[in-house]
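None of the figures in this text is laboratory data; all of them are computed from the coordinates on show. No experiment lies behind these values; they were computed from the predicted model shown. Using ideal geometry, Cβ is built from the backbone for each residue, glycine included, and neighbour counts are taken over all protein chains shown.
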Amino acid sequence: MLALNQGRPKILLLLLVLSFLLFHHLPARAQVACPPGMIPYGTGTNQSVCGADPSYQSPSTPPPPLVKWAERWGAIATYEPAGILGQAAGLASKSDAINTAMSECQKRGGGSHCKLDIWYSNQCVAMVVSDKGYNTSTGMTPDLATQKGMQTCIASGDPNCHVYYSACSMAERIQ
């Protein structure tokens, strides 16, 4: 019995060495770490390449931030007999624009005779004058406002039409 026990450790050692040699030469199957939306693929035991996962749904992208605009106001006040003009452009409120235009007209000599001619927001204005009077008109660009004012002046038969004043009070992007 003693002889059998002495051979047993040798057999165990031999089995251990053979197992090590056998498994040492087998290819390792490491798991490939693919980014989200990708899965490992390849041929046979080589799964070392990442490809698109057809069942993956990417997280939805957040909507772009909303653009916010602030209205801008302008106004023209006049004292026509003396040819006095008060104006305001690019102000934050209608009342600020009107008050500023009236104040400018009064400071320039119109006093209590000044009257509000026009107020406008998010657009342009033009004052066209001639020998017989004036008109004010608005448009989305200075050219459009001027063109409308000139057409009105010419259509009324006024000679010597020309632009006396023009300005824009366009909305401003605040975000």
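Things worth noting here:
- Residue match in segment 114-137 (condition: under 33 Å from the mean Cα position of the chain (by Cα), without any contact (Cβ under 8 Å) to a residue 40 or more places away in the chain and farther than 16 Å from A82 by Cα): yes
- Of all residues in segment 136-165 being within 14 Å of Q123 (Cα to Cα) and of a type in the set (S, T, Y), the one that is surrounded by the fewest Cβ atoms within 10 Å (Cβ to Cβ): T141
- Wholly enclosed strands (runs of 3 or more DSSP E) of segment 67-175 bearing at least 2 residues among the hydrophobic types (A, V, I, L, M, F, W, C) and out of contact with any Pro (no Cβ under 6 Å at 6 or more places or on another chain): 73-79, 84-91, 115-121, 123-129, 162-169
- Within segment 54-88, being among the charged types (D, E, K, R) and either surrounded by 14 or more Cβ atoms within 10 Å (Cβ to Cβ) or over 34 Å from the mean Cα position of the chain (by Cα) (or both) holds for E71, R72, E80.
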